[in-house]
1. Length gain on complete extension for the stretch Leu34 to Ala76, per 0.36 nm per residue less the alpha carbon to alpha carbon distance?
2. Can you give the Rg to Rh ratio for region 33-77, taking only C-alpha atoms and Rh from Kirkwood?
Amino acid sequence: MSEYEAEASYSIGEGPATRVSLSLPEGTAEAIRLRVGKREFSAFITAAVERELRGQILDEYLADYERRKGPVSAKAQERARQVFDEVFAEDEQWPAAS
C-alpha cells in the first residue's frame with residue numbers, strides 16, 4: 001500500500017476539490033479548451049480521469065476473476081462493462097480498487 005493510499009479518506013469522486021499540477025501537451029490542452037471552454041476544463045479532466053479509473057478497476061476485477069475461475073469470453077467481458085457502467089452511473093458510487 002502506498003503512502004497516499006494509507007492517508008486517503010475519500011473514495012473516487014468524493015471530497016473537496018484540491019489543486020494539482022498537471023502538464024499536458026499544448027495541443028491537447030487547446031483541444032480541450034476548444035471543446036469545453038476554460039471554465040469546464042477541470043470538470044472535463046476530472047471526468048476523463050474517473051472514466052480511466054473505472055476502466056482500470058473493472059480490468060483488475062476481470063483479471064482476478066480469470067485467475068480464480070478461468071477465461072472470460074469477449075461477450076461476457078463486454079456485458080460486464082455494460083453492467084458495471086449502469087450500476088455505478090445510477091448509484092454514483094465507486095468500488096474500491098483492490
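Every read-out reported here was derived from the displayed coordinates using simple, explicitly stated rules and does not represent laboratory data. Predicted, not measured: the structure shown is a model, and the values here were computed from it.
1. Working it through step by step, the gained length comes to 11.4 nm.
2. Result for region 33-77 is an Rg/Rh of 1.28.
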